[in-house]
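Let me begin by presenting the structure, written as structure tokens, before commenting on it.
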Amino acid sequence: MLLGIDTSGAVSVAVARGELAGDSTDPSPGILAVRSDTRSRHHDEVLLALVEETLQAAGVTRGELTGVVVGRGPGPFTGLRVGLVSARSIASVLGVPLHGLSSLDALAHEALAAVPAERGPITVGVALDARRREVYHARYRREADGEILRVAEPAVDSPAEVAAALTACDLLVGSGTALYPELLPATVELEHVDAGHLLLAASALAARGEDLTSTEPMYLREPDAAKPTARKSALGR
């Protein structure tokens, strides 16, 4: 059983039956329950209660969990810290593996999951509210064979600076689209990470051999920012 937690914007928690590839032969966890709270400034007040509510809805006890997956952001410092610290604590107490991935990957996975594979190659841009009149963003492409590549690494910029690149994508999602609709018009109303899709994206990444051991927060601003690399990374099929 897997527990998924994301606090990059809203708070979202999911429980799934199965394991990540590498821990088991089952590469596709079945989502049992998802619960979310869209308030953006109350993460510390709602997260642990939401975890318990989601476990109860799934009919799963903490003792049955065999892994925890957490969204690394990017996102505001306080919200990410609450999610990461809670995920680390739960995994440590239970003695189970902890996995981390970009929350942008999860949003891209969810956006592309709604598009039939028969459509062929398709691109998606993700833009999350970064405050300070900026957005966190990344771009992805799903190939004809279903493999999803991250073609522009996570970064933070003003909406105007990235509008051309993001609006050139076939799909554009994320909370940044709701804040800056003139520059970043959404093609799909999808603002926040769903922890169920966080688990599915993590499973796809693990199946491709991606390293999900890091749970360091992805802030993208100095002194926490790291320069994006040119390497493409596979998100899965």
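Here's how it looks for Leu212: its modeled amide H is under 5 Å from none belonging to a residue 5 or more places away or on a different chain.
Probe radius 1.4 Å, ligands and nucleic acids ignored: give me the carbon and sulfur share of the accessible area of region 105-196 as a rounded percent. Numbers along the way, then the final one.
Details: 1950 of 3970 Å².
Percent of accessible area from carbon and sulfur atoms in region 105-196: 49.
Dipole orientation for the chain: of the candidates Val68, Val115, Gly176, Gly176 has the Cα lying most toward the positive pole (charges on Cβ; Lys, Arg +1; Asp, Glu -1).
Hull surface divided by four, with the convex hull built on the Cα atoms of region 1-128: how many nm²?
Average of the hull's projected areas for region 1-128 equals 8.2 nm².
Rolling a 1.4 Å probe over the protein heavy atoms gives the chain an accessible area of 45 Å² per residue. A quarter of the convex hull surface defined by the alpha-carbon atoms of region 64-125 gives 5.6 nm² as the mean projection. Nearest 10 degrees, 0 to 90: what angle lies between the long axis of helix 77-94 and the longest principal axis of the chain (Cα atoms)? So the inclination is approximately 30 degrees. For region 95-181, GluC sites (Glu not before Pro) are listed when DSSP marks them as loop and at most 16 other Cβ atoms sit within 10 Å of their Cβ; the list is Glu143, Glu147. Could you let me know the centre-to-centre spacing of region 28-100 and region 116-156, using Cα atoms, in angstrom? So the two Cα centres are separated by 24 Å. Over region 118-170, the fraction of Cα-Cα pairs per 10 Å bin, rounded to whole percents and listed from the shortest bin up, is 26, 48, 21, 5. Database remark: amide H of His99 closer than 5 angstrom to the amide H of Val68, Val69, Val70 (H placed geometrically; neighbours at sequence offset of 5 or more, or on other chains; Pro and chain starts carry no H). With the highest mean first, a sort of the peptides 71-82, 54-65 on other beta-carbon atoms found within 10 angstrom per residue produces 71-82, 54-65.
Each residue of region 161-166 was assigned a 3J(HN,Hα) from its phi angle through the Karplus curve 6.51 cos²θ - 1.76 cosθ + 1.60 (θ = phi - 60°); the sequence is 5, 10, 4, 4, 5, 6 Hz, with glycine and proline shown as x. Both numbers refer to the Cα atoms of the chain; Rg and Dmax are 16.5, 48 Å.
The values are calculated or read from the model by the stated rules, or taken from the named source; none is laboratory data. The model shown is predicted, which means the values in this text are computed figures rather than measured ones. Note that each Cβ is placed from the backbone with ideal geometry, even for glycine, and that neighbours are counted across all protein chains shown. Note: areas computed on protein heavy atoms with side chains; ligands, DNA, RNA excluded. Shrake-Rupley method; radii C 1.70, N 1.55, O 1.52, S 1.80 Å.
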